[in-house]
Structure formats: C-alpha cells, structure tokens
C-alpha cells in the first residue's frame, strides 16, 4: 500500500491514565475509500482510540497522521476542519428543532457561520435545498418537519449521519452506529452506511458482528488496548486468539455472522 492510499495512520499510539494503559502501541492504517471497523470486547480501548483520533484526549506517546500530515498536537476544531468528523460530535443536539433545521445547522457550521441564530431566517433558506438533499440521501424526507425529539430511535441515528454528512467529511468516524437498535433499524442503518461510504472513508466502532461482516473491508481487533488481529472479516473471525478474546461467545457471535 502506497502512502497515498492511506488516509489515516497512527504510529505507536499510546494512552495511559495514572499507570493504566488504555491504548497501547497501536499502529492503525486506514485505507482511503474503505470501511474500516474497530472491534473488541468491552474495555478493549476502542472509544479511547476514537477520542485520541479526534483529539478529545491527548496521546501519552505516538503520532497521528491524516493525509500524511502530522495532526497529533492539533485541537479538535482543527481536525474537524481537515474533514475528520465523528458522528456524535454533531448529533442532533437540538431536540426541539425539526429534522430539517438540525441538518441546516450542520450546513451552517460548514459555512463557518455557525450558530448565528440572530441572522434572518431568510438567509438560512438558501441551505434548505442542500438540507433536503441530505435528508433524501438518508431516507428522512418524510420526517423533514418532524420535531427531532419525536423521531423514532433508528431514524435519529440516520439524522446523526445526515448532520455528519453536512460537514462534508473526508473521514467519518462512527461510534457504535447501530447500538440499541432493533433488527429492522440495524439493517436500515447498515445499508445507509454502505450507501454514504461511496467516495469517502469510514472508520467505525461496532459491536454487531453481522454489521461488521456485511460492510467492513478491513477489521482491527483490539484487546486490552493493543491490536490483537487485523484483516478481512473471513480471516479475523477464524483467528483462535480473536475467538478466545470474545471468551467462547465468539463462536456464536463471530460464526453466526456468516
């Protein structure tokens, strides 16, 4: 793989909290245009890893490269401006606005006119067309005027993806996008991730093995903060160390996803 193929790399990324190592010497290589899944048992360090990549936490040691540029010391806002956008950062933070209005706020941030609520409503109308196009992309057209608090759970995650897309991410980080969903919602959101991945790169933390097996190009398995195994699902799911890390549930969990 040439350096140009890599959108994100980490070198010996490590995070310790008072003697406890949450992320240990992680060398992650995310290929441009791929869906890359980060999996592992609870406490494996997946969320800490995400927090390091988006600079919500400072690494203890190690480096992070995005498009070959060292971003290790940059602030979260700088990293977001580069196009690294994490879904919950811009989830539907305004439950009492409509679905369309929430997406429009995501678009405002992209314009750099963030939260200028004092601007006339008319000046924001220019964003309606793009907002509606995004809602159509995630299958929420019929919910455009629904107040967000009244949106069904699975549709809220679709809205989160729409607001993330409004920021025009080059690399989208999705933190457990199907968590807490029923089967139908899981299927819908999985298909949605596959659809919006065209022309961009997705790095996701996901517990649901059916989701991972059906859409991930590459899987990195973390255990106790370190990389245990890596590769395509078919390979990783047969790795005895991975099965053992999932303590016997892996047989059911991993094999059940074929």
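Numbers at a glance
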read-out: Residue 27-residue 145 pseudo-label distance in nm [points 7 Å out on the Cα-to-Cβ vector]; value: 5.7
read-out: Gyration tensor (alpha-carbon) shape descriptor, region 140-218, a/c threshold 1.5; value: oblate
read-out: Estimated inter-spin distance, residue 42 and residue 96, nm [label 7 Å along Cα→Cβ]; value: 3.5
read-out: Highest-first arrangement of 35-42, 181-188, where packing means the average Cβ count within 10 Å; value: 35-42, 181-188
read-out: Nearest 10 degrees, 0 to 90: helix 183-196 Cα axis against the chain principal axis; value: 80
read-out: For the chain: relative contact order, % (alpha-carbon pairs under 8 angstrom, 6 or more apart); value: 26
read-out: Overall form of region 15-85 per C-alpha gyration tensor (a/c, 1.5; a/b vs b/c); value: oblate
read-out: Percent of beta bridges antiparallel (DSSP, the chain, rounded to nearest 5); value: 55
read-out: Computed lengthening from residue 153 to residue 78, 0.36 nm per intervening residue step minus Cα-Cα distance; value: 23.9 nm
read-out: Residues 87, 34, sorted so that the one with the fewest Cβ neighbours within 10 Å comes first; value: 34, 87
read-out: With Cα atoms, 0 to 90° folded angle of helix 153-166 axis to the chain main axis; value: 80
read-out: Sorted by Cβ neighbour density within 10 Å, fewest at the top, the residues 170, 244; value: 244, 170
read-out: Spin-label zone in region 141-163 - amide nitrogen under 19 Å from a point set 7 Å from the Cα of residue 183 along the C-beta vector; value: 153-155
read-out: Residue-averaged 222 nm ellipticity for the chain, from DSSP H runs of 4+ at -39500 (n - 2.57), nearest 500; value: -10000 deg cm²/dmol
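Values quoted throughout were computed directly from the atomic coordinates according to the rules given, and no laboratory measurement underlies them. Being a predicted model, the structure only gives us computed values, none of them experimental. Counting neighbours? That spans all protein chains shown, and the Cβs are built from the backbone with ideal geometry, glycine included.
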